[in-house]
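The values are calculated or read from the model by the stated rules, or taken from the named source; none is laboratory data. Because the structure is predicted, anything quoted here is derived from the model rather than measured. All Cβ positions, even for glycine, are placed from backbone atoms using ideal geometry, and neighbour counts span all protein chains on display.
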């Protein structure tokens, strides 16, 4: 049993570090969101394309890391542990995450060029409000995903989610 635990930690310890970096990226993206919101509140007409791009790049990097690094790693871990129930939960959660992904892609497209930024500056506060709400829901779903697909298989000292915390797929 101890050897199995050691093997799992060696194999999936890197996933834990990857998740930690991704959660730091989440925090950094939120800082840029708050910064842009505050700037909009102070003087919407002075919001630059550069400031919008900084936020949009942080947002795109965050969701890309989730889709192309984190989610596949979590699924591979669940497969390695033959956790079919976790994979079913993952499918449900990831289907719900896709809605916020589309919103992010739409935002990125809306502010893709300097002329579009200038034309749609007045819409920016509304976009930031929608994105903030969508990201809040996304973070909850992602946290559930991590809890079900990674923490459930992690050694006790690495697990992040208590055993009694349920995963909501509704």
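Here are the numbers for the structure shown:
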| item | result |
| --- | --- |
| Spans of helices (runs of 4 or more DSSP H) in region 1-117 with at least 2 residues under 12 Å from the mean Cα position of the chain (by Cα), at pLDDT 95 or above and more than 19 Å from residue 140 (Cβ to Cβ) | 49-65 |
| Scope region 127-137; condition under 15 Å from residue 39 (Cβ atoms) and either part of a loop (DSSP other than H, G, I, E, B) or free of Cβ contacts under 8 Å to residues at least 40 places away in the same chain (or both); matching residues | 127, 129 |
